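The values are calculated or read from the model by the stated rules, or taken from the named source; none is laboratory data. Computed from a predicted model, the values in this text were never measured in an experiment. Positions of Cβ are generated from backbone atoms using ideal geometry, with glycine treated the same way; all protein chains shown enter the neighbour counts. Heavy atoms of the whole protein, side chains included, go into the accessibility calculation; ligands, DNA and RNA do not. Shrake-Rupley method; radii C 1.70, N 1.55, O 1.52, S 1.80 Å.
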Amino acid sequence: MDPPTDANDDRNDPRKYIFHPANYKRIPRWPNDGIEMYRRECLAASECDEESFAEQATKDRDDPVQLFLTELLGVWPSDLSYSELVHRMQSGQESDDELTLQQIMGMPYALQAVDAVKKQNKELAKSHLIEAYRNKDEEVQAILTSIGATSALHKASKDPRRFPEMESIIVPLLQKNLATEHNIELLFGDVAHVRGLLLELGSYLKAAKPGTPQEAFFKQYSCLEPDAESKIKAAPKACDVCGTTTGTLFRCTGCSSVHYCSKDCQKAAWVVHRPDCFKAQGKPVSDALLAKAASAVVAKEKTEEQARRALMEKYISEFLNEDHDKVNETLVDCHGNQLKTHLPTQLGLNICMSLIGADLNIFQEEVLHFRTFPDGIDPKIYNFRGILFGDKENNEAKILMVYTHLYKSYDAGDCIAYAIDGIFVVDRVYKEKGKNKGKQRAWWKLVPAPEEADLPDDYNRNDWMLAYFSAAKKKAKTTEADIDLGIDSAGTPNVELVSTSAGNYVRYLG
């Protein structure tokens, strides 16, 4: 089942990206997409030629759903048949260590979404649209007029930092049947630059359930709402130095492209801004001016780095010396659950890694964002974020910390601390069955958190954290390099918490 080429008819389909994520037959395709990459990986792992691989993949597949998905993905990713999985789902016998029917049915969308977000480039999309507007492209002007975005783009063309939220442009394109790939390329240069947004928002248009955070998130950009005329707005003016958007802001009188809140901010920015300002006015820019601007940028970055280090040292000192009563401080996760704040401040993970590295010789190997959970870690209990550590005194010993973002309140959007959900070590190694028969795989086990009786009377959160990692270090076993740790990670988590009228929505950004 080959992916479509640019010549396919669906290129001019304005509803290509309006689909239900569970409708695997309607999942948008593109050359070298996520599904195709998955098929190639399966083909490489099978050590067969393509014809034999296709024949083997569809052998003994009688159910039409199983047959279609097997042809699409290249494999049926379960030792159980479709009918067996249906029976298990209906009888409540699904197992945590096996892919469920729902997960398999959702694989095509998941593969496409991950690929689209990975290749997405919003900054290139924005710069292309601004340039197309400045060039007065007639087709672009007509599309922008149709969705009510002309005024916002006019302001963004003067100051690119005022570009409206990309969602406020994509949603009306979808709703007004203007999201053909031809139109997307006219606006953004390449469909790939915004394909992740098209998949996400197009699926919400079709599938977001009433009353959910996803629906509330989508509706704020809808051109079908009563106040639709006010949806596409330019970003507010902001001071080029301190970033404030409040109070009276004035433009640079030379280029009119940046704003300042005060003479002090304008003066602080002048050395760096002067070459751009002169260029915008058509004035010559000497090498001396460019050199001064470059030196000022380097000095600014050095000052900022020194400030970050000083702030880190301050937080570490406070964490080391804090009182015992802070061990019971709590904040909320994105679902509103009250959890203990084990690692305070936004730099909590950095504090943790710095201290356990210095005291226990344990160092970070990888920041994780689980797509499927390692064996022994229950996804119904633990969060999808983790950090894999290695013990420098035993290079093959692995320690896995699972953690949760915490917030000031249920409707606050910035992570300000972390809870340690659990610390795990490899408990045993077993041999897999089925298509990976004989392959060695790790089974993780939770290390019990320290009991108060094992800690000093006046212990603080640092004492508790070091005691927990110390216990994990003692239990961590040597794990050979060829053993599969069962970690299927999408890489460093890049998510944002969006507050909506229906509750918080955790949005994956790639």
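Estimate the FRET efficiency between Thr212 and Lys267 by the formula 1/(1 + (r/R0)^6), using the beta-carbon distance for r and 45 Å for R0, to the nearest 0.05.
Result of the calculation: an efficiency of 0.35.
Return the carbon/sulfur percentage of the accessible area of the stretch 57-184, one whole number, probe 1.4 Å, all protein chains in place.
Carbon-and-sulfur percentage of accessible area, whole number: 48.
Need the full-extension length gain, Lys25 to Leu320, defined as separation in residues times 0.36 nm minus the C-alpha distance. One decimal, nm.
Contour length minus Cα-Cα distance gives 100.6 nm.
In square angstrom, rounded to the nearest 10, how much accessible surface does Arg15 have for a 1.4 Å probe?
100 Å²
Could you order Cys255, Cys277 so the one with the most accessible surface comes first? Probe is 1.4 Å.
Order by accessible area, largest first: Cys255, Cys277.
Assuming 0.36 nm per residue, please report the length gained on full extension of the stretch Leu455 to Arg11 beyond their Cα-Cα distance.
153.4 nm
Putting +1 on Lys and Arg Cβ atoms and -1 on Asp and Glu Cβ atoms, find which of Gly422, Ala310, Pro160 reaches farthest to the positive end of the dipole of the chain.
Pro160
Got a number for carbon plus sulfur as a percent of the stretch 325-482's accessible area, 1.4 Å probe?
That share works out to 46 percent.
To the nearest 10 Å², what's Val194's accessible area with a 1.4 Å probe?
0 Å²
Could you do me a favour and compute the accessible area per residue for the stretch 146-269, 1.4 Å probe, result in Å²?
44 Å²
May I ask you to compute the full-extension gain from Ser81 to Trp443, defined as 0.36 nm times their residue separation minus their alpha-carbon distance, rounded to one decimal in nm?
The Ser81-Trp443 span can extend by a further 127.8 nm.
So for the pair Lys431, Lys292, with labels modelled 7 Å out along Cα→Cβ, what separation do we get in nm?
The answer from the label model is 7.5 nm.
Say R0 is 45 Å: what FRET efficiency, to the nearest 0.05, do Asp137 and Arg251 get from their beta-carbon distance?
0.95
Do you know the relative contact order of the chain, to the nearest whole percent, from alpha carbon pairs under 8 angstrom that are 6+ apart?
Reported as a whole number, the value is 12 percent.
Would you please give the FRET efficiency between Ser354 and Gln103, computed as 1/(1 + (r/R0)^6) with r the Cβ-Cβ distance and R0 = 41 Å, to the nearest 0.05?
Taking R0 as 41 Å, the efficiency between Ser354 and Gln103 is 0.65.
Within the stretch 350-386, which residues have the backbone N less than 12 Å from the label spot 7 Å out from His335 along Cα→beta-carbon, could you tell me?
379-384
Rank these residues by their accessible area, most exposed first, probe 1.4 Å: Ser151, Ser168.
Greatest to least solvent exposure: Ser151, Ser168.
Rank these by accessible area, largest first, 1.4 Å probe: Glu131, Glu451, Glu36.
Highest to lowest solvent-accessible surface, that is Glu451, Glu131, Glu36.
Mark the label point 7 Å from the Cα of Asp276 along Cα→Cβ and return the residues of the stretch 151-165 whose backbone N is within less than 20 Å of it.
153-165
Mind putting a number on the dipole of the chain about its Cα centre? Charges go on the C-beta only, +1 for Lys and Arg and -1 for Asp and Glu, and I need it in Debye to the nearest 20.
Dipole of the chain, to the nearest 20 debye: 2000 debye.
Mind grabbing the accessible area of Cys265 for me, 1.4 Å probe, Å², rounded to tens?
20 Å²
Determine the shape class of the chain: with a ≥ b ≥ c the square roots of the Cα gyration tensor eigenvalues, call it rounded for a/c under 1.5, and otherwise prolate if a/b is greater than b/c, oblate otherwise.
Cα axes put the chain in the oblate bin.
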